[in-house]
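Inspection log for the structure reproduced underneath, given as structure tokens.
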Amino acid sequence: MTTENSTIRLTTAQAIIRWLSNQFIEIDGQEMRVCGGGFGIFGHGNVTCLGEALNEVREELPLYRGQNEQSMGFAAAGYAKQWLRQRFMFCTASAGPGTANLLTASGLAHANRLPMLMLCGDTFLTRLPDPVLQQMENFNDPTFGVNDAFKPVVRYWDRITHPAQVIQSLPNALATLLDPADCGPAFLGLPQDVQGWTYDYPAKFFMKKVHRIRRQAADSAEVADAAAALSKAERPMIIAGGGVQYAQATAELAAFAEKHKIPVVETIAGRANMMATHPLNCGPIGVTGSDSANALAAQADVILAVGTRLQDFTTGSWTAFDQDAQFISINAARHDAGKHMSLPVVGDAKLALEALDTALTVSTPQSWLDFAQEERAKWDAYVKDNVSYGNRPNSYAQAIGVVNDLCDPRDRIVAAAGGLPAEVTANWRTLDISTVDVEFGFSCMGYEIAGAWGARIAQSEREPDQDTITFCGDGSYLMLNSDIYSSVLSRKKMIVLVLDNGGFAVINKLQNNTGNESFNNLLEDCPTIPEAFGVDFAAHAASMGATSEKVSNPAELGEAFKRAKASDKTYVIVMDVDAYEGWTTEGHAWWEVGTPHVTENAKVREKHLEIEAERAKQRRGV
């Protein structure tokens with residue numbers, strides 16, 4: 001029995017883990033731990049104290065053994081995204097290089113506004129044994145170390161310098177992880193000596209607590225302003241971002257669009273906000289978008305952006321829209337809601353759409369709807385042809401089309417870096433809501449496999465009979481592939497499609513499109529490689545315990561995919577694709593990239609002038 005003043009003596013590490021294991025959330029009427037467990041690689045900086053505490057709760061907070069700290073962070077991000085930010089995983093790494101390896105993953109979670117808790121070893125607070133193994137000494141500031149490098153890439157940062165400090169720090173960290181506006185990674189530096197120090201904690205600090213994710217209603221005056229602007233629109237358009245899914249507002253989005261007859265386009269993060277067959281879904285927008293969505297964007301006079309931070313791939317570096325178009329931004333974060341002189345509606349997307357629906361009484365002219373549907377029909381015809389295969393080279397689009405035809409509607413689709421995010425965004429036909437994860441906020445090579453492993457862990461907790469399918473290029477595979485092994489070890493089956501084009505082909509394409517010669521991207525174009533050769537990816541995956549095979553064409557890919565679906569363990573399918581032919585050539589908006597203003601290369605100079613000519617369309621912050 002816990003009395004008002006009762007205490008319990010625990011180490012700092014024990015207190016952190018005991019508190020974390022008693023934090024719950026209610027999802028769809030079921031209470032569950034808000035932390036689904038963690039990923040860990042132990043070293044001297046976290047094994048003796050934090051490891052001891054975690055071993056005591058191995059059932060409540062399952063700890064997945066990582067192979068690489070960066071991939072652990074990617075897996076945590078994939079897990080959180082699958083759970084729509086309602087649950088998270090922690091990552092624990094040892095002091096020094098182990099923790100430093102989490103920096104990139106933290107950047108990914110920060111850019112994508114995803115919750116991830118990092119519990120990382122730190123140098124000794126007493127400094128008595130300094131300099132210790134793997135310590136980076138700062139000659140002018142002994143308090144400044146590797147862990148301080150996380151400050152720009154987290155939403156909450158603290159170094160625990162006394163056991164009592166966690167009574168304040170842990171609730172603050174969790175509040176950040178669950179906040180719709182401030183959501184992002186949280187970092188706790190744990191000095192190796194402090195982890196083992198004890199304190200008499202108030203026993204009630206460890207009592208079970210059930211959390212809720214806040215739904216902030218929008219200001220009525222902001223809703224009224226938005227309604228007034230929309231009521232005057234002749235050519236309105238909705239841009240639906242990833243925040244729609246995090247707010248679980250996909251039904252409200254569809255109902256609002258249907259009632260007021262407003263076409264909807266999706267961002268990359270917002271893919272799978274609507275079914276592909278929905279008559280108001282006019283495709284993905286922007287640099288890697290669709291001709292249909294971009295045609296609407298060019299003519300829209302009022303644009304309602306819901307749950308999007310309006311990244312450059314969405315806006316075509318702000319050239320995709322009419323200069324006079326009025327933006328309205330519904331967003332939980334004030335920072336995002338006011339971009340480009342938008343009329344801000346700061347609040348939860350579900351509540352804000354409901355309020356705006358009530359305030360708005362007009363609907364869109366039929367001529368605008370007819371235009372939208374004509375454009376979408378043309379885009380659908382293009383995609384149908386683009387994903388078809390026959391007497392032409394293998395392509396990403398063909399592989400995407402094969403999987404799209406054969407997968408289950410509730411299977412999860414993952415892509416991240418290189419050319420595949422654009423190809424998936426443009427060519428994937430959404431079969432069910434919230435089933436696509438294209439990580440293009442930080443666009444990290446290596447997320448494809450690690451993020452898919454984390455997504456599969458989450459999926460197995462909700463929809464164990466479905467599959468997680470990830471599209472991965474050869475470059476990303478070579479950068480980070482060890483979680484194929486993790487998935488086999490943990491029996492979290494994934495289907496991995498490795499599409500090999502002999503190097504970094506999409507960057508080679510960008511290189512060529514800016515007038516440059518191929519150099520250092522495709523293996524065959526590297527001067528320091530005397531004789532290029534490919535990797536036997538199927539054999540490599542098999543060595544990590546996966547079932548694997550290589551296919552020659554999309555028809556064989558389809559048969560292999562059926563075998564993968566029937567398999568009970570991770571299945572890797574490899575297919576060569578052409579580095580030059582078969583790219584999706586339509587659906588692009590202008591993208592601002594830096595090109596040389598002075599050059600002796602005539603082709604580069606010509607392309608520079610061609611690219612700069614499009615800048616006249618760019619909105620300058622208004």
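The values are calculated or read from the model by the stated rules, or taken from the named source; none is laboratory data. All values reported here derive from a predicted model rather than from experimental measurement. Because the Cβ atoms are built from the backbone with ideal geometry, glycine has one as well, and the counts that use them run over all protein chains shown. Note: areas computed on protein heavy atoms with side chains; ligands, DNA, RNA excluded. Shrake-Rupley method; radii C 1.70, N 1.55, O 1.52, S 1.80 Å.
Within region 588-599, does at least one residue satisfy the condition of being closer than 28 Å to Asn391 by Cβ and surrounded by fewer than 20 Cβ atoms within 10 Å (Cβ to Cβ)?
yes
Just give me the residues in region 492-518 being out of contact with any His (no Cβ under 8 Å at 6 or more places or on another chain) and hydroxyl-bearing (Ser, Thr, Tyr), in sequence order.
Once the filter is applied, which keeps residues that are out of contact with any His (no Cβ under 8 Å at 6 or more places or on another chain) and hydroxyl-bearing (Ser, Thr, Tyr), region 492-518 yields only Ser518.
Can you confirm whether Ala560 is farther than 20 Å from Lys509 by Cβ, among the aliphatic types (A, V, I, L, M) and open to solvent by 80 Å² or more (accessible area, probe 1.4 Å)?
Answer is no for this residue.
Against the definition (more than 15 Å from Thr570 (Cβ to Cβ) and either among the small types (Gly, Ala, Ser) or crowded, with 18+ Cβ neighbours inside 10 Å (or both)), how does Asp465 come out, yes or no?
Criteria not met by Asp465.
When the residues of region 59-91 are filtered to those that are assigned to a helix (DSSP H, G or I) and out of contact with any strand residue (DSSP E or B) (no Cβ under 8 Å at 6 or more places or on another chain), which remaining residue is surrounded by the most Cβ atoms within 10 Å (Cβ to Cβ)?
The qualifying residue surrounded by the most Cβ atoms within 10 Å (Cβ to Cβ) is Phe74.
Identify the residue in region 364-413 that is in a helix (DSSP H, G or I) and among the basic types (Lys, Arg) and, among all such residues, is nearest to Ala228 (Cα to Cα).
So, considering only residues that are in a helix (DSSP H, G or I) and among the basic types (Lys, Arg), the one nearest to Ala228 (Cα to Cα) is Arg376.
Looking only at region 347-371, filter to residues that are of a type in the set (Gly, Ala, Ser) and within 21 Å of Gly243 (Cα to Cα); which one of those is most open to solvent (accessible area, probe 1.4 Å)?
Ala355
So Asp312 ticks every box in (1) touching a residue at least 24 places away in the same chain (Cβ under 8 Å); (2) surrounded by fewer than 24 Cβ atoms within 10 Å (Cβ to Cβ); (3) charged (D, E, K, R); (4) within 23 Å of Glu234 (Cα to Cα) but one. Which box is left unticked?
(4)
Per-residue answers, yes or no, for (1) buried (at least 24 other Cβ atoms within 10 Å of the Cβ); (2) outside any helix (DSSP H, G or I); (3) not aliphatic (A, V, I, L, M):
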position: Glu461; (1), (2), (3): no, no, yes
position: Cys472; (1), (2), (3): yes, yes, yes
position: Ile484; (1), (2), (3): yes, no, no
position: Leu489; (1), (2), (3): no, no, no
position: Lys509; (1), (2), (3): no, no, yes
position: Pro530; (1), (2), (3): no, yes, yes
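Quick one: in region 152-175, of everything that is under 27 Å from the mean Cα position of the chain (by Cα) and free of Cβ contacts under 8 Å to residues at least 24 places away in the same chain, which residue is nearest to Phe205 (Cα to Cα)?
Looking at the filtered set, the residue picked out is Pro171.
Could you give every pair whose Cβ atoms fall below 8 Å, whose first residue belongs to region 20-43 and is under 21 Å from Met72 (Cβ atoms), and whose second residue is among the acidic types (Asp, Glu) and surrounded by 17 or more Cβ atoms within 10 Å (Cβ to Cβ), counting only separations of at least 6 or pairs across chains?
Ile41/Glu69
Is at least one residue of region 127-147 out of contact with any helix residue (DSSP H, G or I) (no Cβ under 7 Å at 6 or more places or on another chain), loosely packed, with under 14 Cβ neighbours inside 10 Å and modelled with pLDDT of 95 or more?
There is no residue in region 127-147 that is out of contact with any helix residue (DSSP H, G or I) (no Cβ under 7 Å at 6 or more places or on another chain), loosely packed, with under 14 Cβ neighbours inside 10 Å and modelled with pLDDT of 95 or more.
Given the condition within 27 Å of the chain's Cα centre (by Cα) and assigned to a helix (DSSP H, G or I), answer yes or no: does some residue in region 491-506 qualify?
To start, the set of residues in region 491-506 that are within 27 Å of the chain's Cα centre (by Cα) comprises 491-506.
Then keep just the ones that are assigned to a helix (DSSP H, G or I); that gives 505-506.
Among the residues of region 491-506, at least one is within 27 Å of the chain's Cα centre (by Cα) and assigned to a helix (DSSP H, G or I), which makes the answer yes.
Any chance you could count how many residues in region 150-170 are part of a helix (DSSP H, G or I) and open to solvent by 50 Å² or more (accessible area, probe 1.4 Å)?
Qualifying residue count for the region: 3.
Can you name every residue in region 171-200 that is out of contact with any helix residue (DSSP H, G or I) (no Cβ under 6 Å at 6 or more places or on another chain), part of a strand (DSSP E or B) and open to solvent by less than 30 Å² (accessible area, probe 1.4 Å)?
Passing the criteria: Leu188, Leu190, Pro191.
Out of region 207-255, which residues are in a loop (DSSP other than H, G, I, E, B) and open to solvent by 70 Å² or more (accessible area, probe 1.4 Å)?
Correct list: Met207, Lys208, Arg212, Arg214, Arg215, Gln216, Asp219, Lys232, Glu234, Arg235, Gln248.
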